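Q: Below is the structure I would like to discuss, written out as structure tokens.
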Amino acid sequence: MSENRYSDEDLAEFKALIEDKLEKSSKDLKALRASLSHQDNNGTDDTSHSFKMMAATLSREEVSQLAARQEKFIKHLENALIRISNKTYGVCRVTGKLIQKERLKAVPHATLSIEAKEAQR
């Protein structure tokens, strides 16, 4: 690993992680939208049972808010994939230093290191 960017191997590992999260998040968003439009005709069989149960107990407003958050999360993941292709992924946008791998595995769309995030408080 060089000081200013992650290796191509590391980037490939992060890309796989992000693509997996993107796939799951897209399925969840689809289930939320189906719930909002009341077209939930068992087309969410590939969505986790607990997620379907949660969506079923929320009000339309809450489901709408959750769908908006999910859309935002998906956009962040898509932006992370762009940073991977640009080989700028994992670089803190404030300090210019590499974000720790553990942080990126927990929050793969992170653009700030813990140091920069704490300085914002």
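Q: Can we say residue 72 is modelled with pLDDT of 95 or more, among the basic types (Lys, Arg) and exposed (fewer than 14 other Cβ atoms within 10 Å of the Cβ)?
A: Criteria met by residue 72.
Q: Going through the stretch 76-95 one residue at a time, which ones are open to solvent by less than 40 Å² (accessible area, probe 1.4 Å) and either at pLDDT below 95 or part of a loop (DSSP other than H, G, I, E, B) (or both)?
A: Passing the criteria: 89, 90, 92.
The values are calculated or read from the model by the stated rules, or taken from the named source; none is laboratory data. Computed from a predicted structure; not experimentally measured. Every residue, glycine among them, receives a Cβ derived from its backbone with ideal geometry; neighbour counts consider all protein chains shown. Keep in mind that these areas ignore ligands, DNA and RNA; they rest on the heavy atoms of the full protein, side chains included. Shrake-Rupley method; radii C 1.70, N 1.55, O 1.52, S 1.80 Å.
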